[in-house]
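Down below is the structure, laid out as structure tokens.
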Amino acid sequence: MLFLIFFSIYKHDFTARATDQEYPKEQAILTRVIDGDTIEVTGPVIGNKTHIRLLGLNSPEKNMPYSQASANFLKQFENKTVFLLRDKEDTDKYNRKLRYLFYENQLINLEILEKGFANSYYTSGLKYEKQILRAENQALQLEVGIWAKSNQLCFDCIKLVDLNATTETIIIENICNYQCELSGWFIKDAGRNTFYLNSMKSNEKQTIKSSKEVWNNDGDKFFLFDNNGKLVLYYSY
């Protein structure tokens, strides 16, 4: 891996930075889990059948490795009383409410990250930014969920040579002296953008250029997973 920053295992610390405005928690019933980072709730303040996008994380898309595991984790809270807390933004571009999810004083956003069911996402300036990043790094250190390492033959062969966020270009190389069959292997960013690989000859370099904006200039994550969804390579900037 290019670099990894590890933090020691920690107990939940809900000390958070002061924000420009403090918001009250909103009581609701979690009525439906849509996926690993999106739920539907009903409550006297939040409204009926309101879609909630959990803050600070991004879970795998449907039919991707660990997508069902992340959704199943949230399903244990269906039909239970939960509390929601907003941060600096109220809604996203899909008009979903952006919230932290609490159940019995536990911040569920952190628990999802600790179990490796999601990666951190758009955390800059959030109330619980430090806790979110620590939770993610705990999962990375323990190699759980999306952080579980591949043990396939070509695990040490494929390297990231360059990632240029300005030109939306990445270059990877097979540094081994044999061909790597990579059917089902995929590259993704911190969000939902995904690129699938095929095969790479010995010492071959491949350039993958996106036709749309994928790699954020102000910071992003690069993941390479094998065909079983196990982590081959991770880089963040």
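All of the numbers you see were taken from the coordinates with simple rules; none came from a lab. Given the structure is predicted, the values throughout are model-derived calculations rather than measurements. Neighbour counts are summed over all protein chains in view; Cβ atoms, including those assigned to glycine, are modelled from backbone coordinates with ideal geometry.
Points worth noting:
- Relative contact order of region 26-146, pairs being alpha-carbon contacts under 8 Å that are 6 or more residues apart, as %: 26 percent
- Neighbour cut-off at most 10 other Cβ (10 Å), DSSP loop, chymotrypsin sites (Phe, Trp or Tyr not before Pro), region 37-97: Tyr94
- Within region 172-216, the trypsin sites (Lys or Arg not before Pro) that combine a DSSP coil assignment with at most 14 other C-beta atoms in a 10 angstrom radius are Arg192, Lys201, Lys212.
- Put a dot 7 Å past the Cα of Glu168, heading toward its Cβ, do the same for Ser202, and the two dots end up 3.6 nm apart.
- Volume per residue of the C-alpha convex hull in region 26-146, rounded to whole Å³: 95 Å³
- When the alpha carbon gyration tensor of region 183-230 is reduced to an equivalent ellipsoid, the three semi-axes, largest first, read 20, 14, 9 Å.
- Distance histogram for region 149-236 (every C-alpha pair counted, 5 angstrom bins, percent rounded to whole numbers): 3, 14, 27, 27, 17, 9, 2, 0
- Applying a DSSP loop filter and a limit of 14 other Cβ atoms within 10 Å to the trypsin sites (Lys or Arg not before Pro) in region 15-74 leaves Arg17, Lys25, Lys62.
- Helix 129-142 axis versus longest C-alpha principal axis of the chain: approximately 50°, rounded to the nearest ten.
- Note on the chain: the alpha carbon radius of gyration divided by the globular reference 2.2 N^0.38 Å gives 1.08.
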